[in-house]
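The values are calculated or read from the model by the stated rules, or taken from the named source; none is laboratory data. Treat the numbers as computed from the prediction; the structure is a model and nothing was measured. Heads up, the Cβs are rebuilt from the backbone with ideal geometry, glycines too, and the neighbour counts pull from every protein chain shown. These area figures cover heavy atoms from the full protein model, side chains too; ligands, DNA and RNA do not enter into them. Shrake-Rupley method; radii C 1.70, N 1.55, O 1.52, S 1.80 Å.
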Amino acid sequence: MTAGGGTADSGGFVLDPIQTSVLDYWHRARGARATPLLDALDPLNFDPSVLPYLIVAEYLDDRGRVRYRLAGEKMVERWGANFRGKRSDELFTGDYREHVEKCFALTWSERCPVYSEGIFRWNDGGWVRTTRVMLPFAAEPDGDPVRVVVVQVFLPGVPGRVAPEIRVLGPAGMTFGMAVAIPGSPSDRRRQG
């Protein structure tokens, strides 16, 4: 399994095989609960090809601010430094911080997987396309999520600038038919089915 080879068309977007494998793990771990319990979160149970693309973060508040607890080697390589132990508000600024924290906040409030896709500019002037699948874990049954697993892949080729996209991977059996457009604050959400 390698990152960047999209599969599984899921309602207008394509999940990478690495993202699909972690999403499948999350579904198995949650059973009948809305979110799996934190004690089910063991990265060593993931397919080894996932680990370089894996991020584990802890929620600091319901607005999406997080502290990064684990950063896989491909993430560290891409960012140029190990951001383990850093907070999102220490690492990011401006629109990118707003986008990242909005994704985390949505994962927390909806208590289900969130898919995010966007194109952004690196400090070296280059553009990169990235996709993320974000999966919440709770400390107790029916409790608030306390950790989130992110599997982020970087894709070659940038087909022009597009607005970031965020989708909730729907709660009804966790099918992929439900999309959430976020034009502004969470109260502005429009659901599409």
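Taking a sphere under 9 Å around the Cβ of A57 and counting the other residues whose Cβ falls inside, with K and R at +1 and D and E at -1, yields a net charge of +2.
Within the assembled protein chains, the solvent-accessible surface assigned to L38 is about 50 Å², based on a 1.4 Å probe. Using only C-alpha atoms and all pairs of different ones, pull out the Kirkwood radius for the range 12-57 in Å with one decimal. The answer is 11.5 Å. Its residue count N fixes a reference of 2.2 N^0.38 Å for the range 16-119, and the Cα radius of gyration divided by that reference is 1.07. Remark: spin-label model distance D95-V128 equals 1.8 nm, labels positioned 7 Å along the Cα→Cβ axis.
Taking 0.36 nm per residue of sequence separation and removing the Cα-Cα distance, the D24/E73 pair yields an extension gain of 15.4 nm.
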